[in-house]
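Worksheet: the structure to be examined is printed underneath.
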Amino acid sequence: MKKNTPHANGEKAFKGIGVTRGIVIGEVALLERHRMALSQRRITAGQMHAELRRFEEAIEKSKAQLEEVKQRIVERGLAQHSYILDVHLKLMDDRMLRDETIKTITEQLVNTEWALKKTLEKIAEAFDAIEDEYFKGRKEDVKHVVDRILHNLVEGETSAIEEIEENMIVVAHDLSPADTIQLNLQRVIGFVTDIGGKTSHTAIVSRSLEIPAVVGLEDITAYVSGGETIIIDGTEGEVIVDPSPATIKLYHVKQQQYRYFERELLKYAPLRAETQDGYHLTVQANIELIDEIPSVIQYGAEGVGLYRTEYLYLNRKSLPDEEEHFAVYKRLAEEVAPYSATIRTLDLGGDKFASYIELAEEMNPAMGLRAIRFCLREPEVFKTQLRGILRASTYGKIKILLPMISGVEELREVKGILKDAKDELKGRKIAFDPEIPLGVMIEVPSAVVIADILAREADFFSIGTNDLIQYSLAIDRVNEHVSYLYEPLHPAIVRNIKRVVDTARAEGIEVGICGEMAADPLYTLIFLGLGLDVLSMHPIAVPGIKKVVRRCTRTEGEAVLKEVLQFTTAKDTELFIRQKMAERFPEDFAQSTE
Ligand code: PEP
Ligand code: MG
């Protein structure tokens with residue numbers, strides 16, 4: 001990753017990971033909670049009780065603050081996000097956190113701040129011993145909770161985040177999802193953090209709230225002290241501190257261009273994604289949270305092509321029951337009507353874990369007991385979700401999508417469980433759509449090879465290119481050391497997609513793509529040439545894809561595909577397609593300089 005680049009004019013440029021697009025220029029509000037000076041102070045035995053009382057009071061105050069934030073979130077209609085606060089509230093009462101701290105205070109006769117810091121170090125060590133992305137995330141949650149308690153101990157005041165004025169850009173080592181939600185309440189215009197990645201909770205929440213953000217800058221907090229002018233470009237992942245007047249001017253122009261570009265693109269939102277020669281491509285949205293439905297509609301998606309339901313299971317203490325599933329899916333079906341909503345069944349495992357579900361520690365979780373494999377191992381958990389989906393199916397058009405299918409037996413087994421779920425509902429005299437479509441995600445190479453077998457028993461295919469690339473090219477999608485090999489245009493990927501689409505065509509079933517590739521307009525002509533029925537993507541990407549579709553012809557796509565299939569490397573294909581798009585859309589695609 002490109003690091004801080006000092007310029008002769010005094011400005012400092014940083015490159016990180018842009019997680020929410022948009023350009024903002026503002027003033028730095030530095031959140032320094034992680035750098036709070038915590039010194040060790042000896043106390044006397046006589047002071048011990050007062051010290052323990054300080055600890056209890058700080059916890060109670062922290063809990064009251066979290067409850068207040070939660071209340072405000074609920075009032076703003078963002079109840080969906082409040083579960084994170086519930087986790088933090090529970091952590092405030094965590095035995096280890098409390099007992100260890102009290103033990104250190106009483107046995108070592110030290111101040112509470114120091115004792116709490118020691119407890120945090122112990123908990124962090126315990127988490128570090130577990131090699132698991134999910135637990136790393138939980139470590140951060142504990143840290144946020146401790147930070148809040150410490151803040152109340154040190155300053156005896158409310159969290160600094162609540163004192164931030166409007167229109168500031170927050171720079172922090174890290175922000176918890178709870179902080180992120182508050183930032184929006186305070187109308188902060190952007191945020192920048194040292195740590196984090198595209199798929200961290202914070203990034204996901206920031207995207208759904210549409211606050212421009214750049215994360216993973218490693219040490220930006222060391223370069224600012226608050227009050228500086230700062231520019232962030234969430235599209236490019238760029239951050240500039242103390243920009244020169246010329247740079248500010250440049251970014252004002254870029255900002256205007258970006259806003260113009262967004263406004264222009266929005267004009268495509270209500271239009272049909274139909275090529276000049278009459279080929280209609282259904283452009284749908286991927287969502288993680290039910291609160292994103294307004295964006296689905298605003299950006300003109302024709303329904304939801306992928307609802308990642310695992311987010312319903314995360315950050316909580318127990319499994320959602322049938323009623324909860326039903327209520328969420330009913331709302332989804334009703335609000336996206338007359339379009340369809342594709343609900344993907346639980347895709348847990350890999351990098352997504354729920355603490356209350358026992359999954360064995362695995363050497364290679366991406367290939368372990370996850371997704372459909374887990375659901376087939378736990379049929380009752382699976383059936384509860386299926387009953388919820390079935391019950392909602394009379395309130396709109398719902399389809400079921402199965403993740404990680406690698407062989408046809410899994411599909412058959414699911415059908416058996418689905419039949420049981422239907423029979424149970426019949427027994428309870430509850431209506432459902434008896435013909436509810438059952439689709440398969442094609443994201444494992446074996447599923448590509450046996451696509452013909454699967455197509456005869458599935459109602460539709462949705463190609464998950466994120467995992468298909470990971471498994472076909474043997475590249476861990478979250479490992480930055482091999483990210484240079486993560487090439488969507490690798491001939492193996494293009495051929496795999498073509499094979500799946502051709503097979504679906506031959507067998508007469510619908511086929512779409514719901515991986516990140518679908519959102520990139522660079523590939524749209526290729527997909528038109530392949531003859532895909534559906535592309536599903538994060539909602540804001542929808543208008544840009546509609547634009548390309550409406551300005552091109554299917555025939556043009558077929559000609560491009562023919563050429564693409566001749567190339568032997570991803571680089572050659574990319575060069576070709578970039579040049580093609582730069583010719584066709586000079587305003588959107590810079591001419592490649594390679
Ligand atoms: C995919 O693998 O392409 C996909 C859409 O699913 P996820 O990103 O949730 O694994
Ligand atoms: Mg996947």
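Once the Cα atoms are used to define both axes, helix 491-507 deviates from the longest principal axis of the chain by about 60 degrees. Modelled label positions at Glu166 and Tyr260, each set 7 Å beyond Cα in the direction of Cβ, lie 2.8 nm from each other. Extending 7 Å from the Cα toward the beta-carbon at both Ala124 and Asn9 defines two label points whose distance is 3.9 nm. Against the main long axis of the alpha-carbon atoms of the chain, helix 379-392 sits at an angle near 70°. For the chain, the carbon plus sulfur part of the accessible surface works out to 51%, probe radius 1.4 Å. Determine the distance separating the Cα centre of the stretch 233-277 from the Cα centre of the stretch 421-473; give it in Å without decimals. So the separation of the two Cα centres works out to 38 Å. Helix 245-266 and the longest principal axis of the C-alpha atoms of the chain enclose an angle of approximately 50°.
The accessible-area ordering, largest first, of the residues Glu75, Glu413 stands as Glu75, Glu413, per a 1.4 angstrom probe. Between rounded, prolate and oblate, where does the stretch 280-540 land on the alpha carbon gyration tensor, with a ≥ b ≥ c its root eigenvalues, rounded for a/c under 1.5, else prolate if a/b exceeds b/c? Rounded, since a/c falls under 1.5. On a 21 Å Cα-Cα criterion, which of the cross-link pairs Lys399/Lys546; Lys12/Lys249; Lys498/Lys571; Lys317/Lys383; Lys317/Lys415 come out too long? Among Lys399/Lys546; Lys12/Lys249; Lys498/Lys571; Lys317/Lys383; Lys317/Lys415, the Cα-Cα distance tops 21 Å for Lys399/Lys546; Lys317/Lys415. Put a plus charge on the Cβ of each Lys and Arg, a minus charge on the Cβ of each Asp and Glu, and nothing anywhere else: the dipole of the stretch 45-153 about its Cα centre is then about 260 debye. For the chain, the solvent-accessible area of protein heavy atoms averages 43 Å² per residue (probe radius 1.4 Å; ligands and nucleic acids excluded). Run through the DSSP bridge list for the chain and note the antiparallel percent, rounded to the nearest 5. Looking only at bridges with both residues in the chain, the antiparallel portion is about 35 percent.
Extension gain for Gln298 to Lys415 (0.36 nm times residue separation, less C-alpha to C-alpha distance): 38.6 nm. Based on C-alpha pairs under 8 angstrom that are at least 6 apart in sequence, the stretch 280-540 has a relative contact order of 20 percent. Only helices enter this figure: runs of n ≥ 4 DSSP H residues, each worth -39500 (n - 2.57), summed and divided by the residues of the chain, yield -14500 deg cm²/dmol at 222 nm to the nearest 500.
The values are calculated or read from the model by the stated rules, or taken from the named source; none is laboratory data. The shown structure was predicted, so the numbers you read here are calculated from the model rather than taken from an experiment. Here the Cβ is made from the backbone with ideal geometry for all residues, glycine too, and neighbour counts use every protein chain on show. Heavy atoms of the whole protein, side chains included, go into the accessibility calculation; ligands, DNA and RNA do not. Shrake-Rupley method; radii C 1.70, N 1.55, O 1.52, S 1.80 Å.
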